[in-house]
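Asker: Structure in structure tokens, see below.
The values are calculated or read from the model by the stated rules, or taken from the named source; none is laboratory data. This is a predicted model, so every value here is computed, not measured. All Cβ positions, even for glycine, are placed from backbone atoms using ideal geometry, and neighbour counts span all protein chains on display. Only protein heavy atoms, including side chains, enter the accessible area calculation; ligands, DNA and RNA are left aside. Shrake-Rupley method; radii C 1.70, N 1.55, O 1.52, S 1.80 Å.
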Amino acid sequence: MKNISKQEAMSKAAAYCSVAEHCISEVTRKLSDWGAEAEAIPSIIQHLVEEKYIDEERYCRCFANEKLLSKWGRTKIAYALAAKNIPQDTISKCLSEQIDPQEYERMLSALLESKRKTIKARNAYELNQKLMRFAASRGFEPGIIYKCIRPDGHETQHP
């Protein structure tokens, strides 16, 4: 691995952050991969944050929006952000601001309705269990899953 100067690393990192949103852990890993000196990385990161190339709240919002479009639940999004070393308070704030509860419930109901068509089950109980496991694997919370699946095996209807 070739070592690069602090100035070259800063320029490459700024260009990298200009193309798409990145969090501190991604940029730190990229700087290491490029061969930036370990002692220089914290000051490069600090500079990028000060110049608004890196903004963890902005990254969190973009990440959450992208994953909501992919039909991920709050839990799965929160775990993925935590794996990227985003502070828990930033994650909580972002998810509470980004996710409209009624839209979130409608999204889950639609997801369950489409999944229902592909599931083979002997009875309503088995069908509901399979739907609950599916929704949980997508990162939806048990309370909202239960709310969307009624005991008779049908999701609640939304206007």
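Asker: Carbon and sulfur together cover what percent of the accessible area of segment 31-93 at a 1.4 Å probe radius?
Answerer: Working: 1740 of 3480 Å².
For segment 31-93, the apolar C and S fraction of the accessible surface comes to 50 percent.
Asker: For segment 23-117, state which GluC sites (Glu not before Pro) are in a DSSP loop and have at most 10 other beta carbons lying within 10 Å of their beta carbon.
Answerer: On the way: sites: E26, E37, E39, E50, E51, E56, E57, E66, E97, E103, E105, E113; in loops: E37, E39, E51.
For GluC sites (Glu not before Pro) across segment 23-117 that sit outside H, G, I, E and B with at most 10 neighbouring Cβ atoms in 10 Å, the list reads E39.
Asker: Still on this structure: What list of ³J(HN,Hα) couplings, whole Hz, do you get for segment 21-28 from phi and the Karplus terms 6.51, -1.76, 1.60, once you set θ to phi - 60° and write x for glycine and proline?
Answerer: 5, 9, 9, 4, 5, 5, 5, 4
Asker: Does the chain come out rounded, prolate or oblate, given a ≥ b ≥ c as the square roots of the eigenvalues of its C-alpha gyration tensor, rounded meaning a/c under 1.5 and, failing that, prolate meaning a/b above b/c?
Answerer: prolate
Asker: I need to check one value: relative contact order of the chain, counting alpha carbon pairs closer than 8 Å and at least 6 residues apart, in percent. Intermediate results must be reported in sequence, preceding the final value.
Answerer: Numbers: 148 pairs, mean separation 31.9, N = 159.
Value for the chain: 20 percent.
Asker: In the chain, which longest range has no trypsin sites (Lys or Arg not before Pro) that are both DSSP loop (not H, G, I, E or B) and surrounded by at most 12 other Cβ atoms within 10 Å? Intermediate results must be reported in sequence, preceding the final value.
Answerer: Numbers: sites that count: K2, K52, K117, K120, R122.
For trypsin sites (Lys or Arg not before Pro) (loop position, at most 12 other Cβ atoms within 10 Å), the longest site-free span of the chain is 53-116.
Asker: On to the next question. Just the accessible area for M132, please: 1.4 Å probe, Å², rounded to the nearest 10?
Answerer: Surface open to solvent at M132 totals about 60 Å².
Asker: Explain nothing, just the number: relative contact order of segment 69-159, from Cα pairs under 8 Å at least 6 residues apart, as a whole percent.
Answerer: 37 percent
Asker: Going by Cβ distance under 4.7 Å, what cysteines of the chain have no possible disulfide partner?
Answerer: By the Cβ distance rule, which asks for a partner under 4.7 Å, the isolated cysteines are C17, C23, C62, C148.
Asker: Another question about this same structure. Just to confirm, what accessible area per residue do you get for segment 1-55 at 1.4 Å probe, in whole Å²? Can you show the working numbers first?
Answerer: Working: 3230 Å² over 55 residues.
Per residue, segment 1-55 has 59 Å² of solvent-accessible surface.
Asker: What are the ³J(HN,Hα) values, in whole Hz, obtained from phi via the Karplus relation 6.51 cos²θ - 1.76 cosθ + 1.60 with θ = phi - 60°, for each residue of segment 40-49 in sequence order, with x given for Gly and Pro?
Answerer: Working through the residues one at a time gives 7, 4, x, 6, 5, 4, 4, 4, 5, 5 Hz.
Asker: Residue separation times 0.36 nm, minus the C-alpha to C-alpha distance between Q88 and E57: what's the value? Let's see the in-between values first.
Answerer: Details: separation 31, 0.36 × 31 = 11.16 nm, distance 1.11 nm.
Contour length minus Cα-Cα distance gives 10.0 nm.
Asker: With the cut-off at 1.5 for a/c, could you classify segment 38-91 from its C-alpha gyration tensor as rounded, prolate or oblate?
Answerer: prolate
Asker: Separate question: Could you give each residue of segment 53-64 its phi-based ³J(HN,Hα) in whole Hz, using Karplus coefficients 6.51, -1.76, 1.60 with θ = phi - 60°, and x for Gly or Pro?
Answerer: Per-residue couplings from phi come out as 6, 10, 9, 5, 5, 5, 4, 4, 4, 4, 4, 4 Hz.
Asker: Something else: Taking only DSSP H segments of four or more residues, each worth -39500 (n - 2.57), what value at 222 nm results for the chain once the sum is divided by all its residues, to the nearest 500 deg cm²/dmol?
Answerer: Result for the chain: -21000 deg cm²/dmol, rounded to the nearest 500.
Asker: Next question, about the same structure. Pull up all non-local amide H partners of A36: gap of 5 or more, or a different chain, and H-to-H distance under 5 Å with H placed in the peptide plane.
Answerer: I4
Asker: Report, in listed order, any pair from K2/K30; K2/K84; K30/K93 with a Cα-Cα distance greater than 19 Å.
Answerer: K2/K84; K30/K93
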